[in-house]
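The values are calculated or read from the model by the stated rules, or taken from the named source; none is laboratory data. Every value quoted in this text rests on a predicted model; they were computed, and no experiment measured them. With ideal geometry, Cβ positions are generated from the backbone for all residues, glycine too; neighbour counts draw on all protein chains shown. Heavy atoms of the whole protein, side chains included, go into the accessibility calculation; ligands, DNA and RNA do not. Shrake-Rupley method; radii C 1.70, N 1.55, O 1.52, S 1.80 Å.
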Amino acid sequence: MKTRNRIIYVATIWLAGFSAANAQQRLALDSVLARVAGNPALLAYDSKIGAQDAYATGAKNLDAPKISAGQYQVPYSFNPSAGSFMITAEQMFTNGAKLRAKENYMQGLSKVTAADKNYMKNQLVAQAKQAYYDRVVLEKKLNILKSTQTLLEYMLKDANIRLTYGKEKLSNIYKAKADLFELDNTREQLNNDIRQKNILLNTLMNRDQQTEFLVDTAIVVKDYESALTDTSALAASRSDIKSINRNIELQQLNAQVENSKRKPDFGIQTGHMFSYGGMANQYILMGSVTIPIVSWSSKEYKANLKGIKYEVAELQQNKLDILNQARGQLAGIKAEMSSKKRQLNNYRLNIIPALQNSYKTALQAYEQNTGDLQPVLDGIKDMQQNKMVALDRLQELLQLQVAYEKENEEY
């Protein structure tokens with residue numbers, strides 16, 4: 001019985017550990033971006049595309065036939081030999097060119113929606129990238145706090161030993177304790193920021209917002225500042241430009257619809273009359289054709305064609321404006337990326353090594369009883385603060401990288 005209980009206990013502990021591991025699943029950036037495809041905003045576009053494609057299947061629909069029946073040419077005064085009972089059927093046949101033009105136009109609607117979906121996806125992907133990179137930087141800041149805490153705890157322990165021998169000031173010990181407590185506040189803020197980024201990323205991935213996961217802190221900083229901006233490649237990659245192109249094509253299809261209104265429609269009418277009083281039965285068989293080129297019926301489609309030309313011209317100018325702004329935006333981003341990288345290198349090669357040397361010098365003097373604890377504490381704090389600032393610069397650089405990829409739509 002004891003053996004059985006022990007097995008159950010071990011199994012329970014293993015399952016608990018397995019559940020905890022799953023709760024802390026590690027998600028790489030690629031995995032996060034792949035899950036963004038399930039965002040409800042994108043799924044809504046899929047439903048809209050399906051609806052537009054479904055509507056297009058009925059574009060070649062003809063008007064319903066009309067059947068009539070009733071008395072025909074029957075006098076008000078009773079006369080059993082006058083008049084007849086008539087049955088008629090009518091059908092209008094819309095010109096085939098009109099139906100094809102309408103079908104092409106309705107099929108073009110879903111292409112515009114598909115381009116709009118890609119634009120929304122680019123926005124969501126950029127948002128997810130930024131939140132992921134922010135989370136990575138926050139993790140790196142937590143690691144700096146851990147390192148600082150280790151140094152402060154070591155110095156506080158050493159200072160307490162020195163205090164027992166009268167070789168340390170009590171005020172310095174209180175200062176070291178205050179620095180440790182200050183780390184708790186900073187850690188709490190960082191953990192809160194991490195929770196906020198987790199909620200945002202889970203929301204973008206369309207899953208439970210409270211699900212916890214780990215991130216891959218090995219990030220890659222790209223050398224986009226040396227890349228050349230190719231206008232044709234930019235126009236080919238951006239979904240907003242593609243959306244404008246699809247809208248231009250849609251307007252051209254709309255123009256075909258308006259042009260098709262110049263073509264006539266045809267109709268046929270047939271009827272049979274059952275005459276009263278032994279008179280011979282009669283029939284009607286007539287064809288009809290519309291005349292859309294007359295002045296009073298052609299004003300509308302002529303005005304619409306003129307308006308469509310202006311709308312296409314507006315879309316062309318919008319496309320040129322977007323490309324012009326994108327080129328300027330990319331140029332500014334690349335210049336700022338170069339500046340941020342120079343600042344980061346300055347922190348890595350000069351500022352932080354100098355502060356580390358200052359800390360080591362102060363620590364050496366303190367260990368040799370020729371220096372005070374306060375310079376050591378200041379050295380630890382200066383190193384922490386400047387490492388944090390360096391990470392802020394890294395975060396800004398990653399923000400620029402996301403902005404560059406967003407402009408080029410590089411997933």
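With a cut-off of at least 1 residues that are of a type outside the set (D, E, K, R), surrounded by 15 or more Cβ atoms within 10 Å (Cβ to Cβ) and modelled with pLDDT of 90 or more, name the strands (runs of 3 or more DSSP E) lying wholly within region 197-308. Let's see the steps before the verdict.
On the way: elements: 213-215, 266-275, 282-289.
Filter on region 197-308 gives 213-215, 266-275.
Which one of these is modelled with pLDDT under 95, among the hydroxyl-bearing types (S, T, Y) and farther than 30 Å from I241 by Cβ: S68, S84?
S84
Answer yes or no as to whether A313 is modelled with pLDDT of 95 or more, within 30 Å of Q123 (Cβ to Cβ) and loosely packed, with under 13 Cβ neighbours inside 10 Å.
Yes, satisfied.
Which of (1) surrounded by 19 or more Cβ atoms within 10 Å (Cβ to Cβ); (2) under 30 Å from D240 (Cα atoms) does L355 not meet, given it meets every other one?
Every listed condition holds for L355 apart from (2).
Only one of N369, N346 is outside any helix (DSSP H, G or I), open to solvent by 30 Å² or more (accessible area, probe 1.4 Å) and polar (S, T, N, Q); which?
Criteria check complete, one pass: N369.
Being modelled with pLDDT of 90 or more, closer than 30 Å to L109 by Cβ, open to solvent by 60 Å² or more (accessible area, probe 1.4 Å) and in contact with a Ser or Thr (Cβ under 6 Å, 6 or more places away or on another chain), is that true of even one residue in region 28-48?
Yes.
Can you confirm whether A54 is of a type outside the set (S, T, Y) and either within 50 Å of the chain's Cα centre (by Cα) or surrounded by fewer than 11 Cβ atoms within 10 Å (Cβ to Cβ) (or both)?
Details: of a type outside the set (S, T, Y): yes; either within 50 Å of the chain's Cα centre (by Cα) or surrounded by fewer than 11 Cβ atoms within 10 Å (Cβ to Cβ) (or both): yes.
The answer is yes for A54.
Which condition from (1) at negative phi; (2) out of contact with any helix residue (DSSP H, G or I) (no Cβ under 9 Å at 6 or more places or on another chain); (3) modelled with pLDDT of 90 or more; (4) not in a helix (DSSP H, G or I) is the one that A54 breaks?
All conditions are met except number (4).
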